[in-house]
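Computed from the coordinates by the stated procedures, all read-outs in this text should not be read as laboratory data. All figures in this text were calculated on a predicted structure; none of them were measured in a lab. Every residue, glycine among them, receives a Cβ derived from its backbone with ideal geometry; neighbour counts consider all protein chains shown.
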């Protein structure tokens, strides 16, 4: 897909992968609408995106919107199209994670994760797809996670929602391809964002053990992979050789895959038991 001159919506555009994606699209010559809830953070992000523009004539629009509210999303899309033109590209990057064990996570968090991480991708896609189909072109890209194909200990609400994004991406790929519309799904590892710093501060010890030693990726690197995949009309992006191997191992030999995770969990529980015995 050609980025220069395209009209793009980036949800989750005030920080992290979303902001880096918006900056890169602006640098490639797109008209960019960034979408997030917090108006103050959104305007700060919009200034960064404007500064990244290659062509000063390209437009940058900041729209405060709750992507888990379908009526608000449709209003947002109408505003973007009235000010920037028909949407050629949707980058659905909104998401968050509260890592806690299943029986300890407050019940309302399950709904919150589904609302933002799954419906917050579904609703923008649903709002832009009919117009793209009518025009016979466009691209929808979404951010899932490695936790979208691995059910990670402690990601009791996050992983189910991100698995849902993977399923949605596969459905949209099948349904929209005949209409000339591309679909991309990115499954990043841990990414160095303010949201991830919050996750680390509260994750269970077992989750920390599973994640331990893994390098965090930069939002800019993930944005570059996502935009490149859109340009190539690639469907699935699993960054890094080791992560790509994990994706394949999970499908080919899940028993071995689960055994590795079970070992990490058992080592933490054994350590906890030893500390308890000593006390």
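Would you mind putting 143-155, 99-111, 189-201 in packing order, based on average other-beta-carbon counts within 10 Å, highest first? Show your work: numbers first, answer last.
On the way: 143-155: 24.0, 99-111: 12.8, 189-201: 15.2.
Packing proxy ranking, top to bottom: 143-155, 189-201, 99-111.
Taking only the C-alpha atoms of segment 137-198, Rg followed by Dmax gives 13.4, 41 Å.
Can you compute the helix-only [θ] at 222 nm over the chain? Use -39500 (n - 2.57) per DSSP H run of at least 4 residues, normalise by all residues, nearest 500 deg cm²/dmol. Could you put the intermediate results ahead of the total?
On the way: 11 runs with 150 residues, N = 279.
Taken over the chain, the calculation gives -17000 deg cm²/dmol.
Against the longest alpha carbon principal axis of the chain, how many degrees, from 0 to 90 and to the nearest 10, is the axis of helix 241-252 turned? So the inclination is approximately 70 degrees. For segment 156-279, the C-alpha radius of gyration divided by 2.2 N^0.38 Å, with N the number of residues, is 1.30. From most to least packed by mean Cβ count within 10 Å, the peptides 263-269, 85-91, 252-258 give 85-91, 263-269, 252-258.
Can you quote the Å³ per residue value for the convex hull of the Cα atoms in segment 77-118, rounded to an integer? Before the final figure, lay out the partial values.
Details: hull volume 3.5 nm³, N = 42.
That works out to 83 Å³ per residue.
The convex hull of the Cα atoms of segment 191-238, projected and averaged over all directions, covers 4.0 nm².
How big, on average over all directions, is the shadow cast by the Cα convex hull of the chain, in nm²?
15.4
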